[in-house]
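Q: Structure provided below as structure tokens; questions to follow.
The values are calculated or read from the model by the stated rules, or taken from the named source; none is laboratory data. Because the structure is predicted, anything quoted here is derived from the model rather than measured. Note that each Cβ is placed from the backbone with ideal geometry, even for glycine, and that neighbours are counted across all protein chains shown.
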Amino acid sequence: MSDLSNVTTAPHSNGGAPPGDAVAPAVAVDGLVKRYGELEAVKGIDFTVAPGETFGFLGPNGAGKSTTISMLCTLVKPSGGSARVAGHDVEHERDEVRRNIGLVFQDTTLDGYLTAEQNLRLHAELYGMPRGAVSERLKQVMEMVGLWERRASLVMTFSGGMKRRLEIGRGLLHSPRVLFLDEPTVGPDPQTRSSIWSYISELKRDEDITIFMTTHYMDEAEYCDRIAIMDSGKIVALDTPEALKASVGKDRVQIQTEDDEAAIAALREKFEIEATIAEGAVTFGVSAGEQFVPRLFAELEQPIRSVNLSRPSLDDVFMSYTGKTIRDAEESGQSDMRRNMARMMSR
Amino acid sequence: MAAETVTATPRSGQASPASGGPSTPGHHVARVRVPARSLRSELRAIRVVWKRELIRFSRDRLRILTSLIQPFLFLFVLGTGIGTLAKTGTHGVNFKTFIYPGVLCMAVMFTAMFSAASIVWDREFGFLREMMVAPVRRSSIVLGKVAGGATVAAFQGLIVIAIAGLVDIPYNLGLILELFGLSLLVAFAITAFGVMFAARINQMQSFMALMQMVVMPMFFLSGAMFSVAALPQWLAVLNRLDPLTYAVEPMRRAIFSHLDVSAAARKALDPGITWFGWRVPTALEVAVIAILGLVMLSVAIWEFSQAE
């Protein structure tokens, strides 16, 4: 974790990415800083995101993750450093960046007085999409998010989950190379959340799209190829979910035996492991649990009725890097992005 | 125009377009290449923002109705009531005919201000962001917005023009065109004015308060309800400073030229605007409104371009 700028683990290569895209990173951030007066919201961060990667930004509110995403989306001007998105500088090639990114904000940005299709057509016009391509593409994205049948309904009649899906569809309409999702699954019900994730994985397969998202749902961070944990304006950890969890330490093993007392004694003798009884099972921690369990079966004399191996969760990771529980991060429902926007607009 | 030919190309190289069926795993989505920014893309952005105003206006029948209530109250209730009092002073001219130009302006102003106010709504409901992050110039967004507001306000003016016959104004094509043209000009200037303020106002209540603070004084000072012939000095000065004066006066002059009225009535009711005794020609009156509108439009564009 010493030199974060060089951590660019490639995602699982899904069968030959386009040669041009493979070279330039989808997002390249170099010493990015944002100051609001005295306050340094982002304190010089570096990272790159490979094309086709799903990159997650995790952190408590106020950590600077939304400020960072706002800078990458050209909504906020950096105070220092630079960032390139889809090969274009966010400060000097703003329109180029905007053309190549899709944005889905936490708060809805749809016009409720227009129909779903009108909202998307308006977007197509604003983004100057070739006229001949709009209808086909529109149908495809609306089918993808399951709203084609409801295209003629006014958006104000949609549920929160449907609005979110429509926004994701709209964000994809102009075939962005990078899709930014700010807390995409906050608000909607669990069903919608899981369907949103199935679109995202479908997208990755079909469109070679790079996804850059913020979330504070730990189980969702698992879907990401890599995760950056941000705290107090700095990236404190950046790696694959697996590697992050491994960095925290031991797996938890729970076994049920005929004679727990004997098993505990045997563990102490044979493996030098201090086990305790927890949740009605013999419980202990080991590193690389999946390699340990076969040894356990081979060498422990007491018959084992069941075994349960659990990895450290990302909650543990989050806690160990930020010193806060994820609950703190979830306290504030308001997105930083909205505050940034309000700040800009009121100038 | 070359960019237009860059149409959807299936990414994977398969020639077949995606199946029309419902979303199934494995269907592929055609990629679209968005062409570089051009004058053409800016014009499309202006057009779609304009069109959105029209769609929203046509959906909101209630708004079409409610923004006519106040002007009609002035025209028919106040107009009839004061008309009986003012009979001796109008030299036989229907008082409702006299106040009609001001009422027409009022209807246009209310609608124009409401259209501009939708920027404040758009900000509150987030839609403004969708427009602000689009890869187009902010000036295109503002131009589309002002054009849209002006169009719906002028349409509202057209409804008032349609009832002109009820207040003894003849349906003469030339007159109708002249009234409509002036309504359009007022609609443009007031929308630009409203958008200029909406750029800085975050709350609907504040905007509504501003609207009341601006529209009513402008209406009263413009000479909509009285003749500017023999005003006390202080009111004459305020009247000349009110931009709406320069819309009401040419409208009234146009109407009077199509009426059969005595020279005395014309002198008393439609004396024309003077600056230090110099009679301001109609062309200059029109220019005053047009220039003010353009200045406010420029300020509005500048303000929106400043926002990051």
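Residues are listed down the side, and each one gets a yes or a no for (1) in contact with a His (Cβ under 7 Å, 6 or more places away or on another chain); (2) away from chain B (no Cβ under 14 Å); (3) among the small types (Gly, Ala, Ser); (4) part of a loop (DSSP other than H, G, I, E, B):
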| site | (1), (2), (3), (4) |
| --- | --- |
| A:163 | no, no, no, no |
| A:175 | no, no, yes, yes |
| A:201 | no, no, yes, no |
| A:246 | no, yes, yes, no |
| A:273 | no, yes, no, yes |
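Q: Select, from A:243, A:263, A:237, the only residue that is at pLDDT 80 or above, surrounded by fewer than 19 Cβ atoms within 10 Å (Cβ to Cβ) and either assigned by TED's automatic domain parsing to the domain that holds residue A:283 or not polar (S, T, N, Q) (or both).
A: When all the criteria are applied, what remains is A:243.
Q: May I pose another question? Quick one: count up the residues across the range B:142-162 that are under 20 Å from residue B:45 (Cβ atoms) and either more than 10 Å from chain A (Cβ to nearest Cβ) or surrounded by fewer than 24 Cβ atoms within 10 Å (Cβ to Cβ) (or both). Outline the logic, then answer.
A: Initially, the range B:142-162 is screened for residues under 20 Å from residue B:45 (Cβ atoms), giving B:142-152.
Going one step further and asking which of them are either more than 10 Å from chain A (Cβ to nearest Cβ) or surrounded by fewer than 24 Cβ atoms within 10 Å (Cβ to Cβ) (or both), we end up with B:142-143, B:145-152.
So the count comes out to 10.
Q: Continuing with this model, one more query. Enumerate the pairs (first residue in the range A:56-67 and among the aliphatic types (A, V, I, L, M); second residue anywhere and part of a loop (DSSP other than H, G, I, E, B)) with beta-carbon separation below 9 Å, excluding pairs fewer than 6 apart on the same chain, so at least 6 apart or on different chains.
A: Short answer, once both residue conditions are applied: A:58/A:216; A:58/A:224; A:63/A:232; A:63/A:233.
Q: For residue B:79, work out the one condition from (1) under 28 Å from residue B:160 (Cα atoms); (2) surrounded by fewer than 22 Cβ atoms within 10 Å (Cβ to Cβ) it doesn't fulfil.
A: (2)
Q: Identify the residue in the range A:79-135 that is on the phi > 0 side of the Ramachandran plot and in contact (Cβ under 8 Å) with a residue 60 or more places away in the chain and, among all such residues, is nearest to the other protein chains (Cβ to nearest Cβ).
A: Out of the qualifying residues, it is A:86.
Q: OK, next. Could you list, in sequence order, the residues of the range A:136-161 that are in a helix (DSSP H, G or I), crowded, with 16+ Cβ neighbours inside 10 Å and in contact (Cβ under 8 Å) with a residue 12 or more places away in the chain?
A: A:137, A:138, A:141, A:142, A:144, A:150, A:155, A:161
Q: Taking the stated definitions as given, is residue B:131 within 14 Å of another protein chain (Cβ to nearest Cβ), buried (at least 24 other Cβ atoms within 10 Å of the Cβ) and not polar (S, T, N, Q)?
A: Working: within 14 Å of another protein chain (Cβ to nearest Cβ): yes; buried (at least 24 other Cβ atoms within 10 Å of the Cβ): yes; not polar (S, T, N, Q): yes.
Yes: the conditions hold for residue B:131.
Q: Hey, any hits in the range A:304-318 for a residue that's closer than 30 Å to residue B:304 by Cβ, at pLDDT below 75 and either in contact with a Ser or Thr (Cβ under 9 Å, 6 or more places away or on another chain) or not in a helix (DSSP H, G or I) (or both)?
A: The answer is no; no qualifying residue exists.
Q: Determine which single condition residue A:106 fails, assuming it passes every other condition in (1) touching an Asp or Glu at 6+ places or on another chain (Cβ under 7 Å); (2) within 20 Å of residue B:48 (Cα to Cα); (3) surrounded by 20 or more Cβ atoms within 10 Å (Cβ to Cβ).
A: Tallying (1) touching an Asp or Glu at 6+ places or on another chain (Cβ under 7 Å); (2) within 20 Å of residue B:48 (Cα to Cα); (3) surrounded by 20 or more Cβ atoms within 10 Å (Cβ to Cβ), residue A:106 fails exactly one: (2).
Q: Anything in the range B:243-255 that is farther than 8 Å from residue B:222 by Cα and in contact with a Phe, Trp or Tyr (Cβ under 9 Å, 6 or more places away or on another chain)? List them, or say none.
A: The answer is B:251, B:252, B:255.
Q: Is one or more of the residues making up the range A:88-102 in the same structural domain as residue A:28 (by TED's automatic domain parsing), touching a helix residue (DSSP H, G or I) at 6+ places or on another chain (Cβ under 9 Å) and assigned to a helix (DSSP H, G or I)? First the steps, then the outcome.
A: Of all residues in the range A:88-102, those in the same structural domain as residue A:28 (by TED's automatic domain parsing) come to A:88-102.
Retained after the next criterion (residues that are touching a helix residue (DSSP H, G or I) at 6+ places or on another chain (Cβ under 9 Å)): A:88-91, A:97, A:101-102.
Among the residues that remain, those that are also assigned to a helix (DSSP H, G or I) are: A:97.
Yes: the range A:88-102 contains one or more residues that are in the same structural domain as residue A:28 (by TED's automatic domain parsing), touching a helix residue (DSSP H, G or I) at 6+ places or on another chain (Cβ under 9 Å) and assigned to a helix (DSSP H, G or I).
Q: Of all residues in the range A:248-271, count the ones that are of a type in the set (Asp, Glu) and assigned to a strand (DSSP E or B). Working first, answer last.
A: Filtering the range A:248-271 for residues of a type in the set (Asp, Glu) gives A:251, A:258-261, A:269.
Subset that is assigned to a strand (DSSP E or B): A:251.
Residues flagged as of a type in the set (Asp, Glu) and assigned to a strand (DSSP E or B) within the range A:248-271 amount to 1.
Q: Here are the criteria: (1) in contact with a strand residue (DSSP E or B) (Cβ under 6 Å, 6 or more places away or on another chain); (2) within 13 Å of chain B (Cβ to nearest Cβ). Tell me which single one residue A:181 does not satisfy.
A: All conditions are met except number (2).
Q: Does the range B:273-288 include one or more residues that are free of Cβ contacts under 8 Å to residues at least 60 places away in the same chain and either among the basic types (Lys, Arg) or within 14 Å of chain A (Cβ to nearest Cβ) (or both)? So that I can check it myself, show each step before the final result.
A: Step one: of the range B:273-288, the residues free of Cβ contacts under 8 Å to residues at least 60 places away in the same chain are B:273-285, B:287-288.
Pick out the ones that are also either among the basic types (Lys, Arg) or within 14 Å of chain A (Cβ to nearest Cβ) (or both) and you get B:279.
Yes - at least one qualifying residue is present in the range B:273-288.
Q: Suppose the filter is in a loop (DSSP other than H, G, I, E, B) and among the basic types (Lys, Arg); does residue B:240 pass it? Talk me through it step by step, then tell me what you get.
A: Values: in a loop (DSSP other than H, G, I, E, B): no; among the basic types (Lys, Arg): yes.
So residue B:240 fails the test.
Q: Next up: In the range A:55-83, what residues are surrounded by fewer than 23 Cβ atoms within 10 Å (Cβ to Cβ) and among the polar types (S, T, N, Q)?
A: A:61, A:79, A:82
Q: OK, next. So, restricting to helices (runs of 4 or more DSSP H) that lie completely within the range B:61-173, which ones have at least 2 residues that are on the phi < 0 side of the Ramachandran plot and of a type in the set (Asp, Glu)? Lay out the reasoning, then the answer.
A: Working: elements: B:61-72, B:79-85, B:95-124, B:127-132, B:138-162.
Hits in the range B:61-173: B:95-124.
Q: So for the range B:40-54 (the condition being of a type in the set (Val, Ile, Thr) and modelled with pLDDT under 90), does at least one residue qualify?
A: Residues of the range B:40-54 of a type in the set (Val, Ile, Thr): B:46, B:48-49.
Applying the additional criterion that residues be modelled with pLDDT under 90 yields none.
Scanning the range B:40-54, I find no residue that is of a type in the set (Val, Ile, Thr) and modelled with pLDDT under 90, so the answer is no.
Q: I've got another one for you. Would you check which residues across the range B:90-142 are farther than 30 Å from residue B:39 by Cβ and basic (Lys, Arg) and list them?
A: Within the range B:90-142, just B:96 meets the criteria.
Q: For the list (1) in contact (Cβ under 8 Å) with a residue 40 or more places away in the chain; (2) touching a Phe, Trp or Tyr at 6+ places or on another chain (Cβ under 9 Å); (3) assigned to a helix (DSSP H, G or I), I need the number of the one condition that residue A:227 fails.
A: Condition not satisfied by residue A:227: (3).
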